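Written below as structure tokens is the structure these notes are about.
The values are calculated or read from the model by the stated rules, or taken from the named source; none is laboratory data. Please read all numbers here as calculations on a predicted model, not as lab measurements. When we count neighbours, we look across all protein chains shown, and the Cβ atoms used for this are built from the backbone with ideal geometry, even at glycine.
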Amino acid sequence: MAKYSVLFFLILLSVWNKAPDHNEGFEHVNQRTLLPVGWSFQAPNYNTIKLDSVTKQEGKYSLSIENTIDFNIPQEVGNYFQIEADDTLGKKEGSIELRGFMKMDEVGRYYAGLWLKLEGESEQLAFVDIKQAGTHDWAEYRVKLPYTEKVKGIAYGGFLDGIGKVWFDNFQLFKDGKPIKNLRRSPPKKAQVDTSYLHGSGITNVQTNASNITRLAIVGQVWGFLKYHHPYAGSGDVNWDGELFKILASTHNCNNLRELGYALEAYIDSLPKVKKCDNCKIPSASEVFMAPDYGDLFTGKTLSASLTNKLRFIQQNKSDKQNYWVKKEPGLGYPLFVNEKSYDEMLFPDAGYRLLSLFRYWSIINYYSPYRNITEKHWNQVLKDFIPQFVAARNAEEYTLATLKLIATIKDTHANIFNSYPTLESIKGKYRVPFRSEFVENKLIVSGYRTDTLAIQDKVKIGDIIVSINGERIEKLVKKYLPITPASNYDTQLRDLPWNHLMRSNDDEMQFVFKRNGRIIKLNIPTLKGKSNYKAPGQTQKEAYYLINDQIGYLNAGQYQNTDLPQIEKMFAKTKGIIVDMREYPTDLMSYNFGNYIKSFKSMFLKLSTVDYSNPGTFVITDSAYNGSAKNGESYNGKVIVIVNSETQSQGEFTTMALQSSPNVSVIGSQTAGADGEVTTIVLPGGIYTRISSKGVFYPDNSPTQGNGVKIDFIVKPTIKGIIERKDELLESAITILTDK
């Protein structure tokens, strides 16, 4: 189950005030950035964060955050304001309260809100937020946390998760109901404000012969290892991106591994010394679900014993102090990479920044992906394979394609480039044809029309087989685009190919060759701007639930709400079977309410793995999910069929796992998308935003759903004949199974 989160927090203060100060509003403006002084931002585009002198609650300005991205995966932006608490708060226990005003305009998909966080010496002590959606005029909102003498810092702000617009104004902090005025801002982290490499890395003339690829791979591995293990690298007190450029420069002329080892060891010796940790805990073998992989660092084949021992000491004495580059999501525990710089202005980063992009992504996957071990090639080899591709990129298009190809290697349907990245949109094509296509029986066929251009059905018919596009056969196009179509499995790649590549162009028309009833038809099809829905002739919106006949009930997960369950129980009370259609993304969490309805006993239906933050790269089982044991001991006694296909993804797969834990449930259909678990965002130089599945999801027997999809009892796939005859063959099969039983 995924809650799509992209955290663009306002991270640190950009100004250090020696006198007590407390910025409750946004009245002081930086004339260069036209943003409020004392705040610092990280967002996909600073143009989404603005001061507003017209819509305000008090004073001269409010701060607005707007997101208009029109695809279905929400983005999040927010503010982070950290203040160092001083003795004026006293040591007396009590409460800290944030009061702030918020106005919203059509906030959808998720919500906007305020949040408050209390920090200890080296960890987060408490977090609370308040969430709202829709359209609301100015109103005051409040959140409160208990205060103790352990509190060393206070952070607060606002956020937008989804689409719409929100305004914030007049933030105020209170201790035990009294306004707090004399707080000092924490000094900004150097990682946030250092501009040494703002205009370029200075790295040029990178050679990609075999020995240099090995050198660069080791540099990338050491840099990433230190980032997540060395306390100085993870403190935020150093621009770690800039340190990569220093390491690259200092190792550029190394002629062999011995010279490289000397240079790297000298660099590590220049860092603040790591203190021995007497209470650092290494998980036992029985606790480890997936062990870390340090690439070439500890093999004894590439680095000297002296350097290896120093790296091992760092690894074994990693501090539990929170790493600046990765934070633990307060509720569900998955990693948030909130402090990475996007370098949006660099649409085509130089060679050093391109290597930074590769090394950043590789390191995050290596230490924080629960599915690092399912890539076709060893992840260490992937790094070496992509070094020459990133170095050789000659323009923004080649850099973007190299990045997309890298993303595709992790086999994760949650992963792609999502932020309507202009370079990628231009590569794919700005326009689409006015009909829908999909792969059926290994052939690309026409399966629907755009609702605003139904006249196309006079030329193109449902079931027409597409032989070629713009003179290239479909088989050749599939082979061309598969490497840049991120997905967990082949079926899901085929699902995404038509929408992402095959049916798109920058031209006003596309040339198609169709095959219909053995006859070849050549047509020039005009492309259309904008987006609209697709449908097959006669297609109607399915109801949330209804009776197919007096013996079988039907439930559409894409329309179901838990509030419907009492009525469903009454409607389906005398049926012998229920069909649950999971081919649309669930609109509500069915796993527990509906799962309890069809399951007579309580049992585990999945387990979750999460990174051990004290030992990056190590994953342990942290949670399990249970359902069953309906109210009053009653449950549905009939058979249940769950229908799935490649559209069944994330929460759909989570829900299917929950339902199929009941013995009266069978799953029919074809391979699902194979992407389950919470999702987190990674930002790369050039303003590229991608995502990964950040928590592992497994059946109770430890078998994964990532890549494989859910377990299926009966494989059923649509046929071209069935598509032409407007049949829902999976639904018909489900009815047949229930009828025969």
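Points to keep in mind about this one:
- Taken over the range 574-614, the criterion of being closer than 19 Å to I735 by Cβ and without any contact (Cβ under 8 Å) to a residue 60 or more places away in the chain is satisfied by K574 alone.
- The range 108-131 - residue that is under 12 Å from F159 (Cβ atoms) and of a type in the set (S, T, Y) and, of those, modelled with the lowest pLDDT: Y110
- Residue under evaluation P330, criteria (1) in contact with a strand residue (DSSP E or B) (Cβ under 6 Å, 6 or more places away or on another chain); (2) on the phi > 0 side of the Ramachandran plot, criterion not met: (2)
- Strands (runs of 3 or more DSSP E) contained in the range 621-731 and holding at least 1 residues small (G, A, S), out of contact with any His (no Cβ under 6 Å at 6 or more places or on another chain) and outside the structural domain of A285 (by TED's automatic domain parsing): 665-669, 696-698
- Answer residue from the range 628-649, given it is at pLDDT 95 or above and among the polar types (S, T, N, Q) and is nearest to L738 (Cα to Cα) among those: N645
- Test: R436 is in contact with a Pro (Cβ under 8 Å, 6 or more places away or on another chain) and at pLDDT below 95: yes
- Residue ID - surrounded by the fewest Cβ atoms within 10 Å (Cβ to Cβ), chosen from residues in the range 306-344 that are of a type outside the set (D, E, K, R) and in a strand (DSSP E or B): L336
- Annotation note: of L303, L347, the sole residue that is part of a loop (DSSP other than H, G, I, E, B), crowded, with 23+ Cβ neighbours inside 10 Å, of a type in the set (A, V, I, L, M) and in the same structural domain as W240 (by TED's automatic domain parsing) is L303.
- Candidate set from the range 350-373 (those that are in a loop (DSSP other than H, G, I, E, B) and not small (G, A, S)); member that is surrounded by the fewest Cβ atoms within 10 Å (Cβ to Cβ): D350
- Residue among N373, N419 that alone is modelled with pLDDT under 95 and over 19 Å from N500 (Cβ atoms): N373
- On the stretch given as the range 441-461, residues that are surrounded by fewer than 20 Cβ atoms within 10 Å (Cβ to Cβ), in contact (Cβ under 8 Å) with a residue 12 or more places away in the chain and closer than 18 Å to N645 by Cβ total 3.
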